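The values are calculated or read from the model by the stated rules, or taken from the named source; none is laboratory data. Small disclaimer: the values here were computed from a predicted structure and weren't measured. Positions of Cβ are backbone-derived with ideal geometry, glycine not excepted, and every protein chain shown enters the neighbour counts.
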Amino acid sequence: MNPVKSSPATQDAWQTLKQFTSARIALGRAGMSLPTQACLDFQLAHALARDAVHIPLDFISLSQRLGGLGHPVQTLHSQAENQTMYLQRPDLGRLLNTESIADLKKQAALAVDAVVVIADGLSSKAIANHAEPFLRLLLPALQDNAYQLSPLCLIKHGRVAIGDVIADHYKARLCITLIGERPGLSSPDSMGIYFTYQAKANLSTDANRNCISNIHDKGLRYEQALKKLLFLIHEAEKLKFSGVNLKDETTDIVLDNLESGNFSLT
Amino acid sequence: MYKSTANHLTYDFKTLANLMAKASPPRSGDYLAGLAAVNNLERVAAQWALAELPLKHFLTEAVVPYENDEVTRLIIDDHDSDAFTAISHLTVGDFRNWLLSDQATTAALTAIAKGLTPEMVAAVSKIMRIQDLILVAKKCRVITKFRNTIGLENRFSTRLQPNHPTDNPAGVAASILDGLLYGCGDAVIGINPASDNLEATSRLLYLLHDVIERYQIPTQACVLAHVTTTLKAIEQGAPVDLVFQSIAGTQKANDSFGINLNLLAEAHQAALALGRGPIGSNCMYFETGQGSALSANAHEGLDQQTCEARAYAVARKFKPLLVNTVVGFIGPEYLYDGKQIMRAGLEDHFCGKLLGLPMGCDICYTNHAEADQDDMDLLLSAFAMAGGSFIMGVPGADDIMLNYQSTSFHDALYIRQVLGLKPAPEFEAWLQHHQIFNEHNQLRQNSEMPALFKPSVQRLKDIS
C-alpha cells in the first residue's frame, strides 16, 4: 500500500470565490464534514466573539475623544449595574438609573431638535472603533440642517430603547442611537444605528424605528451609513413618522455595492 | 378551578394563562417576565393541574381577551369543532396519552389538526418530555409545494442563506454557489437583506430569479424584507416567489412588527395572484421565535411558549410553504443556554406540526448565549429524528450579516448521512443530474467543479 502523502481532506475547486465575501465558503471537507482546520478556525473565532461581549467600553477615553468634536458630552447609566445584569435583564437596559435622571433634570430645559445617543450595547469594540469617526461626519451634517442638539449622551449598559427616554426628556423630534451590535464570528465590532422620529419613552416600539446595521470595516462604510440616515431623517421630517412605513429608498449605495465585485452566476 | 396539591402544599393558579406559565419548563424569558414558577414544586403542581384540565375548557377561556386581540379571534373563529370531536372528551393529560398511543396515526393526527387550538397544543407540550415531543412530531406529516415538495417522509430540506453585510451581489452569488455545490437550498434560497431598502430588495429578487431560471433549479426564492417592502416590489413587477414575514402570537406584538392579519392577507393574495408556483400554491414563508412578544413588551401576561404557539395560528391561516422557528436568535435573555434552546426548538416543532404547519428550525445561538456547536449538534440530531422539515444552510454556520451561528451545509450533510435523509425529490434529481450528488446522495469523490457551474468561475479567471 502506498503511503498517503496528501491530506485526507478534500479541497473545493472554487477557492477563488473567497475574494468576494468574508463568509466561510469553500471550506473543503473531510468525508462530508468540516475539515480540522475549518473546525478549529471556527472555535477560535467563537472564543474571540465570546470575549468581545465582555470587554467593557472605556467611557473616559471615548468621552475625551468625542469632546474634541465640539459638542458637550455626558455619560449616563442604565439601570443594569453590570454586564451580567445587562445580559439577563433587557428591561433594565432600556431605563436610566436614578442618578442619570437627576443629572438630566438639572439641565436647563432647552428645546432641541435631535439627540445623539451612543450606547455600548453588546460590542464595546464597535463603539470604540466606529462611533467617533462616524460622528465626525454626522455632527457637521446635522449642523448644516441647523439642528439644535442636546449634549452627546454616552450610555453605559444601554439597550436601543433607552434612546427613547433621552429623546423624550429633551422633547427632541429626532432620536439617533449608535449601539454595539451582537458580535459575530467574522465581525466582532459591528455598529448599528437606530433612528426614531418623535420617540416616546415606553410608547415607541420597534415598528417606529429604522435600523441601519452592519457598520464595520467589511460592512457598510461611514459615508454610506450617513447617506442612509440623512435620507431617513429628511423623509421622516416630511412624513412626520419613522419605522416600518418609512422606507429607505436610497439607490446610489446599492449601485455603489454592485460595482465592487465582478462575479456573477447569471 | 386550577387548584392542585403537591407534597401537601395546595396551589391555586387562578387563571389559565397563569397555570400555563407556571407549568412551563424553566426558561429565562419567563423569569424575566415574572411569570415562571418560583420553584420546581410549584411547576410540578401546575403541571398536575394542567394535566387534569379538559381540552374543552380551552374553548371557553381565552388567554388574551377575544375583544382585544385579533389573534384570539382568529383562533376561536377558525376552530373546527368537527375535527375536534375525536379528542373532545380528553383532558390534557389523556391527550398526551392519546398522542403517544397507536390510535394517533398520521391520518388521525392530520384529521384533528384544525380542531386543535395553539393553547391546547402548548399545554400538552408542557407536560411532555423531549422524547415525547420527538415521537409524536415524527408521526405528523405536513406536505407543502411550490416549485418542489417539502415535508415528505425521510426527506430533509435546507434553506440556503447566502447573507452578506452590504447585500453585495458578487458576495451573495459566491455563497449561493458554495451552498448549491454542497447540495443545499431545496427549502428556499432565502436572503436576509442588510437593510429594508426597496431597491436592494428588488435587485436581490431579480438575482435569485435569474439564478433559478438559468440553472433550472427546482427551488424557490425569497428575500426576507418586511412584508410592506415585498408588496411594493410586487407592485413594481419584481419576481416574488415567497412572501416573507416575521409573526408573533399577540396582536400587540404583531403591531410592533408593523403587521396585522389584513396586511398578511393582502400579501398572500398578491403572491397567489403572481401564480409562480408550478406544482403548488404555498407561497408564504413565516419566521417566529419564543420571546419575541416579550421583547416587544407585548406578551399580554402569557408565557413565551404559549405566545409562540399562538403565532402558528397566524401562520396556518395563510397556508405557508415554510415556517421557521428561529430558536436561539433572540439571545440568552429569553433562552439562556443550550439546554433551554434545545427544548424550545423541539417544542416549537412539535406544536407547529400538530397544528398542521411545515416546521423548520433555525438551530442557532448568539455569542452572548451559554451555548456552542455541541449544543447545536444535539438539537440538530434530535430535530431531524423528530422529522423536522428543514434547517438553515449558512456557509460555515457563521452568518456574517446577522452575526449569529446557525447550521452549515456540512451540518445538513452530517444528518443526512446518519439518518439516511434525502433532499426534496425534485431537488435531489437536479443534484444528481448535474453530478453534484452521486446516486447515494453523497458529494462526488473528486473535487472538480461540476460542469454546470464551470463557465461562471471560468469567466472570472478569464477576466483576471
Exercise. Any residue in the range B:263-277 that is touching a Pro at 6+ places or on another chain (Cβ under 9 Å), over 16 Å from B:Q251 (Cα atoms), among the small types (G, A, S) and part of a loop (DSSP other than H, G, I, E, B)?
Worked result: no
Seminar exercise, completed: In the range B:234-265, anything among the aliphatic types (A, V, I, L, M), closer than 17 Å to B:L208 by Cα and surrounded by 23 or more Cβ atoms within 10 Å (Cβ to Cβ) is listed as B:V240, B:L242, B:V243
For this session: Could you list all residues from the range B:423-464 that are in contact with a Lys or Arg (Cβ under 6 Å, 6 or more places away or on another chain) and closer than 18 Å to A:S33 by Cβ?
Result: B:N438, B:N441
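One line per residue, one yes/no per condition, for (1) away from chain A (no Cβ under 11 Å); (2) part of a helix (DSSP H, G or I); (3) under 21 Å from B:L346 (Cβ atoms):
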residue: B:G388; (1), (2), (3): yes, no, yes
residue: B:L402; (1), (2), (3): no, no, no
residue: B:T407; (1), (2), (3): yes, no, yes
residue: B:H410; (1), (2), (3): no, yes, no
residue: B:Q445; (1), (2), (3): no, no, no
Exercise. Can B:K145 be described as surrounded by fewer than 22 Cβ atoms within 10 Å (Cβ to Cβ), of a type outside the set (G, A, S), away from chain A (no Cβ under 14 Å) and touching a helix residue (DSSP H, G or I) at 6+ places or on another chain (Cβ under 6 Å)?
Worked result: no
For this session: Filter the range B:148-176 for residues that are part of a strand (DSSP E or B), more than 14 Å from every other protein chain (Cβ to nearest Cβ) and surrounded by 24 or more Cβ atoms within 10 Å (Cβ to Cβ) and give the result.
Result: B:I150, B:S157, B:R159
Seminar exercise, completed: Checked the range B:190-206 for anything free of Cβ contacts under 8 Å to residues at least 60 places away in the same chain, farther than 14 Å from B:A173 by Cα and outside any helix (DSSP H, G or I); matches are B:S195, B:D196, B:N197
Exercise. Is it true that some residue in the range B:183-192 is closer than 24 Å to B:C283 by Cβ, at pLDDT below 95 and touching a strand residue (DSSP E or B) at 6+ places or on another chain (Cβ under 8 Å)?
Worked result: no
Problem set entry | B:N148 touching a Pro at 6+ places or on another chain (Cβ under 9 Å) and either at pLDDT below 95 or more than 30 Å from A:R182 (Cα to Cα) (or both) | yes
Exercise. Quick check: anything in the range B:340-355 touching a helix residue (DSSP H, G or I) at 6+ places or on another chain (Cβ under 8 Å) and part of a loop (DSSP other than H, G, I, E, B)?
Worked result: yes
Problem set entry | Test: B:A83 is under 26 Å from the mean Cα position of the chain (by Cα) and either touching a residue at least 12 places away in the same chain (Cβ under 8 Å) or exposed (fewer than 13 other Cβ atoms within 10 Å of the Cβ) (or both) | yes
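Look through the range A:192-242, keep the residues that are assigned to a loop (DSSP other than H, G, I, E, B) and in contact with a strand residue (DSSP E or B) (Cβ under 6 Å, 6 or more places away or on another chain), and return whichever of them is farthest from the other protein chains (Cβ to nearest Cβ).
Per the criteria, the residue is A:A199.
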Exercise. Just to be sure, is B:C184 among the hydrophobic types (A, V, I, L, M, F, W, C), under 20 Å from B:K145 (Cα atoms), more than 10 Å from chain A (Cβ to nearest Cβ) and in a loop (DSSP other than H, G, I, E, B)?
Worked result: yes
Exercise. Out of the range B:348-373, which residues are out of contact with any strand residue (DSSP E or B) (no Cβ under 9 Å at 6 or more places or on another chain) and more than 11 Å from chain A (Cβ to nearest Cβ)?
Worked result: B:L354, B:L355, B:G356
Seminar exercise, completed: Across (1) within 14 Å of chain B (Cβ to nearest Cβ); (2) of a type in the set (D, E, K, R); (3) in a loop (DSSP other than H, G, I, E, B), A:D41 clears everything bar (3)
Problem set entry | the range B:93-106 - residue that is over 22 Å from the mean Cα position of the chain (by Cα) and outside any loop (DSSP other than H, G, I, E, B) and, of those, surrounded by the fewest Cβ atoms within 10 Å (Cβ to Cβ) | B:N97
Exercise. What number of residues within the range B:414-443 are facing chain A (nearest Cβ under 10 Å) and either without any contact (Cβ under 8 Å) to a residue 60 or more places away in the chain or within 23 Å of the chain's Cα centre (by Cα) (or both)?
Worked result: 4
Problem set entry | Count - residues of the range A:168-186 that are under 28 Å from A:I55 (Cβ atoms) and either without any contact (Cβ under 8 Å) to a residue 40 or more places away in the chain or more than 12 Å from chain B (Cβ to nearest Cβ) (or both) | 5
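If we keep just the residues of the range B:20-42 that are small (G, A, S) and in a helix (DSSP H, G or I), which is surrounded by the fewest Cβ atoms within 10 Å (Cβ to Cβ)?
Applying the filter and picking the extreme gives B:S28.
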Problem set entry | Top-ranked residue of the range A:196-211 - restricted to ones that are surrounded by fewer than 24 Cβ atoms within 10 Å (Cβ to Cβ) and among the hydrophobic types (A, V, I, L, M, F, W, C), ranked as farthest from the chain's Cα centre (by Cα) | A:L203
For this session: Test A:L104 against the criterion of being assigned to a helix (DSSP H, G or I) and of a type in the set (A, V, I, L, M), and give yes or no.
Result: yes
